[in-house]
Structure formats: structure tokens, C-alpha cells
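**Q** Take a look at the following structure, please.
Derivation of every value follows stated rules applied to the coordinates shown; laboratory data play no part. All figures in this text were calculated on a predicted structure; none of them were measured in a lab. Neighbour counts are summed over all protein chains in view; Cβ atoms, including those assigned to glycine, are modelled from backbone coordinates with ideal geometry.
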Amino acid sequence: MYQTDVDLAACNTLALPGRAAAYVRVTAADMLAEVEANPRWLGQRRFILGGGSNLVLCGDFAGLLLHMAIPGRRLVGEDDEAWYVEAGAGENWHAFVLWTLARGWPGLENLALIPGTVGAAPVQNIGAYGLEVGELVARVRAWDFRRNAYVDYSREACRFAYRHSVFKEEGRHLDGSLAIVALTLRLPKRWQANCRYADVAQELTARGITQPVASDVAAAVIAVRQRKLPDPAVLPNAGSFFHNPIVSAAQAAELQQRYPDVPIYPQPDGRVKLAAGWLIEAAGWKGKALGPVGMYQKQALVLVNHGGASGEDVRRSMAAVQAAVRTKFAVELTPEPVFL
Ligand code: EPU
């Protein structure tokens, strides 16, 4: 079950080099208890890996890497109002979305083509085109290495917020102490297309679709993503590299005065979200690179590896982009991916 000295270049979508001292492909939840019971791994550092699409590999990993590959997807319940669908942590997210749509259970269409696995989706509360997965989560099941037990999290217990969840608190997505094994979603039967996001609405209009069904929305989202975001198989990347920063209303007002076209998104708590991609572009970093790592030509928020980059190259470019945005706008950008 254990492999040693495993090459991780193919396990991260930035295609960064690195090797794991020990590696287990976890294909069943019960394997996690076995890992814990093995004295060989006592006190060893652990890391839980999904699709590797939100990861900056900073060289070799001396501990035990658990690659989550638990399969399975099924309808686990249905009532008058919703379908309840469960998937194993290792399922590919996009394939899962397409499967639900093909079964006639709409709801996930706005999250089509997001790279990564089902198990990683709730950790950073993946979101796109006006929907966050947390809105549809019914339950997350995880193996807790600290308690040696399964723990079920309700949607409330997950404490979802923008690119945030309880799984990120106390650094539990970093320390390998919690492994999500399955996700259950509640997909309401009363469905309405969510086309508030301008790019998606425009794409549907261009296709002459006025009354979209879920598969139309998925097709539009896929087209928009393919146009704007690089395919990791062609140009290695980890999606949006920074969070969209949230600043005070006063700071946003001041920025608006200096830069009237700065996009702003007022939040329910009175603060204001800014578009990191806009800030990076305005700071001169769209399409710019430092060594092999730069910001993507068509979407300045996506950091790309033009070939042969190391984790150190990523760190250097990241710091240069952060400094440029800090100098020009006095805004701090925080990276979205996990650094290992
Ligand atoms: N913008 C620029 N220049 C750029 C990029 C963007 O001026 O180079 C401007 C756009 O014109 C727009 C604003 O910034 O006014 C927002 O851009 P966009 O709609 O492309 O979305 P985003 O804020 O850059 C976020 C998510 C994406 C998600 C899209 C669509 C984050 C960190 N990113 O990007 O998520 O797909 O919205 O909902 O919240 C991801 O997390 O990996 C990801 C791709």
C-alpha cells in the first residue's frame, strides 16, 4: 500500500518538481485508520492531496502523502424538495457535475469545469459565476486523525464563507489532521437558472438561448472558462492565484476616487470586495513574467508556469506581484493555494 520516493510533478497542476518520501493512494475511507495504526508513521508529517490544483509544491516532502482517490457517486435520498447526492472525495469534480446534470439533478452547472476533486471542493468553498458549493452542501464526512474517528459536518458546522470553511481553520488543511472522505449535496428540485454573472448571461445571449436549462448554463460556463482560463494540461497553473481582497468601505471609496473604473463588489457586512485580477493588471503584471513564472495573458489573476519552474520561482513571482499591488494600491494580496 505504501510507495516511497514518489515523483509528484504529475500530482500538481502547476507541474512543479518534488518527491514524497512516502505515498499512499487512498481508495477506501477505512484505509485512513490503517495508516494511523501503522507505527511506522507515528509522529510523521502528513499531507492530504486531492487533485493538486490548488497546490504550490516547494520541493521534496519528507512525510507521508495521502492521495485521496476514494470513488463513488450515488443518490442517497430524495424528498419532495430535493435530491441528496453523495460522492467520494476522490471523484473528479467536473465529471461529478456532468453526472448530476445527466441524471436530471440540476444545481451544480455554474461550477462546471472547476479543476480538482470532490473532497477538496468544500475546503476552500469553491465558487464561480455566482454560486459557491457551500450553498448546496448537506454534509461533509471526514476522518479526524486527532480523534481516530469519522466526523460529520452539517452545512452550518462547515462555516462556509468566501473561499473559506472550518476545514481551513487551525490550519487543518495544512497539517494533514483531517481528511474529507465524502461529500453530500442537497440539490433543490425547484430550480432556476443562475445567470446573474454578466459573462454567462452574454454567452447565453450569443447562443440565442433565452430560457436556459441547466445543461445550457453548464455549456456557457464551460465556454467562458475555456476562453479565459488556461488549460493546466497545456499551460500549468492553479486557477486564481490570489483571493479577491476584501477592504473597508472607506478604502474602497478612496480607491474609486483615484481609479473611477476599479470594479467593486459590496459585501453584506458593509465591506467591499475588489477584483485582484484588475489590480494586478493595473499594476502592470498581466502577461508579465519573472523567470519561468508569470501572470496569464488573458486573466491576470492566474499564475502560470511557462516551463521548468520550481516552487521557489513561484514564490519569487508571487512576492513581486504582491509588492507591485501593495505599492500602487496599498492592498495586500493573499495567495489562494496551499504551499507544501
Ligand atoms: N479583471 C481585469 N483584468 C484581468 C482579470 C480580471 O480587469 O486580467 C477584472 C474583470 O474585468 C472583472 C473583474 O476583474 O471586472 C473580475 O474578473 P473575473 O470575472 O474574471 O473574475 P475573478 O474575480 O478574476 C473569480 C474567481 C474565479 C471564478 C470567477 C468567476 C476568485 C479568487 N476567483 O475570479 O475562481 O471562476 O470569479 O466567478 O474569487 C479560482 O478560484 O481558481 C477561480 C478561477
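**Q** Relative contact order for region 237-340: what percent, with Cα pairs under 8 Å and sequence separation of 6 or more?
**A** 31 percent
**Q** For the peptides 302-309, 37-44, 276-283, what is the packing order when you average, over each peptide's residues, the other Cβ atoms within 10 Å and list the highest mean first?
**A** 276-283, 302-309, 37-44
**Q** Going by average Cβ neighbours within 10 Å, how do the peptides 219-225, 84-90 rank, with the highest at the top?
**A** 84-90, 219-225
**Q** Could I ask something else about it? Which pairs in the list Lys228/Lys288; Lys189/Lys273; Lys168/Lys286; Lys288/Lys328; Lys168/Lys298; Lys168/Lys288 are over 22 Å apart, alpha-carbon to alpha-carbon?
**A** Over 22 Å apart, Cα to Cα: Lys189/Lys273; Lys168/Lys286; Lys168/Lys298; Lys168/Lys288.
**Q** Shifting gears a bit: Could you work out how far the C-alpha centroid of region 177-229 sits from that of region 15-58, in angstrom?
**A** A separation of 32 Å, based on Cα centres.
**Q** Take peptides 256-267, 312-323 and line them up by average Cβ neighbours within 10 Å, highest first, as a rough protection proxy.
**A** 312-323, 256-267
**Q** Let me have the relative contact order for the chain, percent, based on Cα pairs under 8 Å that are six or more residues apart.
**A** Worked out over the chain, it gives 17 percent.
**Q** Any chance you could run the full-extension gain for Gln192 through Gln3? It's 0.36 nm times the residue separation minus the Cα-Cα distance, nm to one decimal.
**A** Length difference between fully extended and current span is 63.3 nm.
**Q** Taking 0.36 nm per residue of separation and subtracting the Cα-Cα distance, what length does fully extending Ala249 through Ala102 add?
**A** Stretched out fully, the Ala249 to Ala102 stretch lengthens by 48.6 nm.
**Q** What does the extension gain come out to for Tyr162 and Ala95, with contour length at 0.36 nm per residue minus their alpha carbon separation?
**A** 21.7 nm is the gain from fully extending Tyr162 to Ala95.
**Q** Local charge sum around Ala142 (other residues, Cβ-Cβ under 15 Å, Lys/Arg +1, Asp/Glu -1)?
**A** Every neighbour counted, the sum reads +1.
**Q** Could I have the simple spin-label model distance between Asp80 and Arg271, label points 7 Å from Cα toward Cβ, reported in nm to one decimal?
**A** If labels sit at Asp80 and Arg271, their model points lie 4.1 nm apart.
**Q** Please compute P(r) over all alpha-carbon pairs of region 89-234, binned at 5 Å starting from zero, and give each bin as a whole-number percent.
**A** 2, 10, 18, 21, 19, 14, 9, 5, 2, 1, 0
**Q** Given Cα pairs under 8 Å that are at least 6 residues apart, what percent is the relative contact order of region 20-118?
**A** Once divided by the residue count of region 20-118, the mean separation gives 27 percent.
**Q** Where does the chain land at 222 nm, in deg cm²/dmol rounded to the nearest 500, when only DSSP H runs of n ≥ 4 count, each adding -39500 (n - 2.57), divided by all residues?
**A** -7000 deg cm²/dmol
**Q** What's the magnitude of the charge dipole for region 195-340 around its Cα centre, counting Lys and Arg as +1 and Asp and Glu as -1 at the beta-carbon? Answer in Debye, nearest 20.
**A** 200 debye
**Q** Calculate the radius of gyration of the Cα atoms of region 246-319 to one decimal place, then report Dmax, the largest Cα-Cα distance, as a whole number, both in Å.
**A** 14.8, 43
**Q** Suppose we look only past 25 Å in the calculated P(r) of the chain. What percent of the Cα-Cα pairs does that tail hold?
**A** 55 percent
**Q** Another question about this same structure. What is the ratio of the Cα radius of gyration of region 178-292 to 2.2 N^0.38 Å, where N is its residue count, to two decimals?
**A** 1.37
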